[in-house]
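Trainee: Mind having a look at this structure? Questions to follow.
The values are calculated or read from the model by the stated rules, or taken from the named source; none is laboratory data. The shown structure was predicted, so the numbers you read here are calculated from the model rather than taken from an experiment. Ideal geometry is used to build each Cβ from the backbone, glycine not excepted, and the neighbour counts take in all protein chains shown. Protein only, heavy atoms only, side chains kept; ligands, DNA and RNA dropped before computing areas. Shrake-Rupley method; radii C 1.70, N 1.55, O 1.52, S 1.80 Å.
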Amino acid sequence: EQDRSVRGFYEGRERIRHAFHNNEFVLLYQPKVNMRTGIVIGAEALIRWQHPEKGLLSPTEFLPPIENDPLVVDIENWVISESVKQANEWAKHGLTITVSVNICPRHLEHVSFASVLQALLAEYPQLPSYTLELEVLETSTLLDVKSVSDTIRACNDFGVSFALDDFGTGYSSLTYLRQLPVQTLKIDQSFVRDMLDDPEDLAILDGVIGLSRAFDKRVIAEGVETAEHCEFLLRLGCELAQGFGIARPMPAAEFEQWVKEW
Ligand code: C2E
Ligand code: MG
Ligand code: MG
């Protein structure tokens, strides 16, 4: 049984590698807005696998098996490059927003990360420096905090900002908050989803917003599904949000029209 599952695992990986080289991955973009002013501040790029038989697959269905594989680095670099290209297209049409890309912390441990990114951005000299944000995903393994901090600082120097994604769920969130020079905390959607019914989740939310103030960070809520969530978050002092209640992730081609109608 174990042999079979190990084989299945590697087949899965080979299939994913093939999919990548066969251009079967696509990106959707989900808007981020300021709920008080109504301004669209950015978009998060979210990867999907357009599987020839199974249809559109979500990242939780194909990223976990390659979590520790060098392939994930190639995929993330592709996502960065596509997203920056897309931001450049939007900027040409007068829509200047920050695009956010998800990055595994392991990728940030690569010593060449900052220089590779800087070279990529140099291809778009007309883009404002704040166009790209990287969302560092929570991790179950301990990071080399020193090398990740150095990378983040190097990228900050050429205008790339960072957010801690799914904040509050990882087991060393607070250590990372103290040591990594990130600009934004992204409150995990699990706390947002249940805040209206669960006083403990509400307390966590309130606490994270307080932490963001104390550490002078921006704070954004993810998983905002209803107007009630919006009103409550505004009352707690969180103005930035992303979620199905604002818009679902959509193809790049629909984004500009959405902004016009928003
Ligand atoms: P994440 O970065 O926390 O992204 C937010 C996820 O929440 C997205 O799921 C999004 O579709 C979903 N979401 C947004 N608003 C709502 C809402 O109001 N309600 C609910 N229930 N869900 C909402 P998605 O696209 O399936 O992505 C799942 C995770 O996969 C992401 O979580 C991120 O960790 C990872 N991921 C996505 N794209 C990439 C990528 O390009 N590279 C890497 N390394 N990871 C990625
Ligand atoms: Mg994210
Ligand atoms: Mg999340």
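Trainee: Can you pick out the pairs among Lys54/Lys260; Lys54/Lys217; Lys85/Lys260; Lys32/Lys85 whose Cα atoms lie more than 29 Å from each other?
Mentor: Check vs 29 Å cut-off fails for Lys54/Lys260; Lys54/Lys217.
Trainee: Right, here's the next one. Quick one: give the max-minus-min coordinate of the C-alpha atoms of the chain along each principal axis, largest first, in Å.
Mentor: Largest to smallest, the principal-axis extents are 52, 47, 40 Å.
Trainee: On to the next question. When the accessible area of segment 103-227 is computed with all protein chains present and a 1.4 Å probe, what percentage of it is carbon and sulfur?
Mentor: 54 percent
Trainee: In Å², what does the accessible area per residue of the chain work out to with a 1.4 Å probe?
Mentor: Here the per-residue accessible area is 50 Å².
Trainee: If the cut-off is 15 Å between C-alpha atoms, which aspartates and glutamates fall inside it for Lys146, apart from same-chain ones fewer than 8 positions away?
Mentor: Glu109
Trainee: Based solely on C-alpha atoms, express the radius of gyration and the Dmax of segment 108-192 in angstrom.
Mentor: Taking only Cα atoms of segment 108-192, I get Rg and Dmax of 13.5, 40 Å.
Trainee: Okay, moving on. Where does the Debye-calculated log10 I(q)/I(0) of segment 114-262 sit at q = 0.17 Å⁻¹, using only Cα point scatterers of equal weight, no solvent?
Mentor: Each listed q corresponds, in turn, to -1.07.
Trainee: Right, something else. What trypsin sites (Lys or Arg not before Pro) does segment 34-135 have in DSSP loop regions with at most 13 other beta carbons within 10 Å?
Mentor: Qualifying residues, ordered by number: Arg36, Lys54.
Trainee: Taking every DSSP beta bridge with both residues inside the chain, roughly what % is antiparallel (nearest 5)?
Mentor: 40 percent
Trainee: Which value in nm describes the separation of the simple spin-label points at Ala122 and Asn34, placed 7 Å from the Cα toward the beta carbon?
Mentor: 3.4 nm
Trainee: Quick one: plug the Kirkwood hydrodynamic radius of segment 88-133 (C-alpha pairs) into Stokes-Einstein at 20 °C, 1.002 mPa s, and report D in µm²/s.
Mentor: The Stokes-Einstein estimate is 180 µm²/s.
Trainee: Would you please state the base-10 log of I(q)/I(0) at q = 0.13, 0.16, 0.22, 0.24 1/Å for segment 32-113, with intensities from the Debye formula using one equal scatterer on every alpha carbon?
Mentor: -0.55, -0.78, -1.10, -1.16
Trainee: Using only helices, what value at 222 nm comes out for the chain when you add -39,500 (n - 2.57) per DSSP H run of length 4 or more and divide by the total residues, to the nearest 500 deg cm²/dmol?
Mentor: -14000 deg cm²/dmol
Trainee: Classify segment 183-262 as rounded, prolate or oblate, taking a ≥ b ≥ c as the square roots of the eigenvalues of its Cα gyration tensor: rounded when a/c is under 1.5, otherwise prolate if a/b is larger than b/c and oblate if not.
Mentor: prolate
Trainee: Further question: Can you compute the equivalent ellipsoid semi-axes for segment 1-148, i.e. the square root of 5 times each eigenvalue of the Cα gyration tensor, sorted largest first and rounded to whole Å?
Mentor: They are 29, 19, 15 Å, listed largest first.
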